[in-house]
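Undergrad: Dropping the structure in here first, questions after.
The values are calculated or read from the model by the stated rules, or taken from the named source; none is laboratory data. Not measured: the values here are computed from a predicted model. For neighbour counting, all protein chains shown are included, and Cβ atoms are generated from backbone atoms with ideal geometry for every residue, glycine included. Accessible surface areas use protein heavy atoms only, side chains included; no ligands, DNA or RNA. Shrake-Rupley method; radii C 1.70, N 1.55, O 1.52, S 1.80 Å.
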Amino acid sequence: MTEAARAAAESPSGLTGQSAVDDLVALLDLERIEENIFRGVSPAESPVRVFGGQVAGQALVAAGRTVPVERRVHSLHSYFIRPGDPRVPIVYEVDRIRDGRSFTTRRVVAVQHGKAIFSLSASFQLEEQGVEHTSDMPPVPDPESLPTWSESAKSYPLVNLKFPRPIDVRYVTEPPWESREDGPGEAASQVWMKADGKLPDDPMLQLCVMTYASDMTLLDGVLARHGVYWGLDKVLGASLDHAMWFHRPFRADEWLLYDTTSPTASGNRGLATGRFFTRDGALVATVVQEGLIRVIKPSGDGDGDGGA
């Protein structure tokens, strides 16, 4: 691993602010092993499995490092195949599918213990001008008027309070760990989020940081609809797939509204969609994810395996 990544992996828990952002940048700075093979690590303080946004962000970094800088990623489609082990490095193998006149396609497979844990396909495009339209951003309060994530969560025994938080998240809607007290509610969530410090100007890094952050609150609408939350109820879950479309330039260290909703849930799977807006109302990215959501009722016989 790179020296920066090694330092990031050894950073103390509970880190926030610029130090946490610097560590995130270091974790996304993959080591090149071969022309199309890269290696990444996880933070020392990690959940029992690798955070989905981390492996997606690192995979996008790997793909981007095999593409000319003038071609920007416009979409990605990915599958979470197996839980990642945060104790060992992840190897990213890039397949150069196509290099066309305007578009470039890459496929990345993340490997641990000799098995694929994640796959990603990403498409890159030369900048072009053409027709344009966009959706309007919903009216919301300014992020500065809202409590930080730590302020909102400090009264609740959430396990992930101890993990590094390089992303500043501020709930516009009631956080799901609070709304659950009133039972099932609306299948929607809105948060302001941004890197909790300054990022380098690299446009590709901005995209990878957004990819990392996009997995943080996306399933909140599913949980809110059923009045449950991770760690407070018997909920077993995992990201199954993740797709993103990048529409316009943005900075991930400036406030972005993440407007998410869950149109449906069935078969122990919940579907969530999200839209990222800049503070001035520009729609810059769209996200769709299906997640495994197993709510174990007190009288049920839940299998308790926690995996897909």
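Undergrad: Suppose R0 equals 25 Å; then what is the FRET efficiency for Asp233 and Ser155 from their Cβ-Cβ distance, rounded to the nearest 0.05? Can you show the working numbers first?
TA: On the way: r = 17 Å, r/R0 = 0.67.
After rounding to 0.05, the efficiency reads 0.90.
Undergrad: Need one word for segment 84-148: rounded, prolate or oblate. Basis is the Cα gyration tensor (sqrt eigenvalues a ≥ b ≥ c); a/c below 1.5 gives rounded, then a/b vs b/c decides.
TA: Working: a/c = 4.23, a/b = 1.25, b/c = 3.37.
Oblate, because a/c is 1.5 or more while a/b does not exceed b/c.
Undergrad: Related question: Which value, in Å² and to the nearest 10, is the accessible area of Phe103 when all protein chains are kept and the probe is 1.4 Å?
TA: Around 80 Å² of this residue is reachable by solvent.
Undergrad: Also, quick follow-up: Towards the positive end of the charge dipole of the chain, with charges on Cβ (+1 Lys, Arg; -1 Asp, Glu), say which of Tyr171, Gln58, Thr273 has the farthest Cα.
TA: Of Tyr171, Gln58, Thr273, it is Gln58.
Undergrad: Also, I was wondering about something else. Using a simple spin-label model with points 7 Å from Cα along the Cα→Cβ vector, what separation in nm is obtained for Glu254 and Arg279?
TA: Using points 7 Å along Cα→Cβ, the separation is 0.8 nm.
Undergrad: If you build the convex hull over the alpha carbons only and average its shadow over all orientations, what do you get for the chain? Give it in nm² to one decimal.
TA: Working: hull surface 64.2 nm².
The directionally averaged projection comes out at 16.0 nm².
Undergrad: Same structure, new question: Sticking with the crude label model, points 7 Å out along Cα→Cβ, report the distance from Ser19 to Asp85 in nm, one decimal please.
TA: My value for the distance between the label points is 3.0 nm.
Undergrad: Figure the gain on full extension for Ser145 and Glu132 (residue separation times 0.36 nm, minus the Cα-Cα span) and round it to one decimal in nm.
TA: On the way: separation 13, 0.36 × 13 = 4.68 nm, distance 3.24 nm.
Result: 1.4 nm gained on full extension.
Undergrad: Cα-based count: Lys pairs in the chain below 25 Å, eight or more positions apart or different chains?
TA: On the way: Lys154/Lys162; Lys154/Lys194; Lys154/Lys234; Lys162/Lys194; Lys162/Lys198; Lys162/Lys234; Lys234/Lys297.
Counting lysine pairs in the chain gives 7.
Undergrad: On to the next question. For labels at Lys115 and Thr264 in the simple 7 Å Cα→Cβ model, what's the distance in nm?
TA: Between Lys115 and Thr264, the simple spin-label model gives 3.0 nm.
Undergrad: Enter the accessible area per residue of the chain (Å², integer; probe 1.4 Å; all protein chains in place). Could the numbers behind the result be given before it?
TA: On the way: 14560 Å² over 308 residues.
Using a 1.4 Å probe on heavy atoms only, each residue of the chain averages 47 Å².
Undergrad: Work out the P(r) tail for segment 193-308: percent of alpha carbon pairs separated by more than 21 Å, whole number. Before the final figure, lay out each step's value.
TA: Working: 2858 of 6670 pairs.
For segment 193-308, the share of Cα pairs beyond 21 Å comes to 43 percent.
Undergrad: Alpha carbon centre of segment 236-301 versus segment 135-207: separation in Å?
TA: Spelled out, the Cα-based centre of one part sits 13 Å from the other.
Undergrad: Still on this model: Roll a 1.4 angstrom probe over the protein heavy atoms and tell me the percent of accessible area of the chain that is carbon or sulfur. Numbers along the way, then the final one.
TA: Numbers: 7250 of 14560 Å².
Carbon with sulfur: 50 percent of the solvent-accessible area.
Undergrad: Quick one: in segment 157-248, what % of C-alpha pairs are over 19 Å apart? Don't skip to the answer; put the middle values down first.
TA: Values: 2034 of 4186 pairs.
Pairs farther apart than 19 Å: 49 percent.
Undergrad: Just the accessible area for Glu34, please: 1.4 Å probe, Å², rounded to the nearest 10?
TA: 110
Undergrad: As a check on your grasp of the helix formula, calculate [θ] at 222 nm for the chain: sum -39500 (n - 2.57) over DSSP H runs of n ≥ 4, divide by the residue count, round to the nearest 500. If you can, show how the numbers build up before the last one.
TA: Details: 7 runs with 58 residues, N = 308.
Mean residue ellipticity at 222 nm (helix-derived): -5000 deg cm²/dmol.
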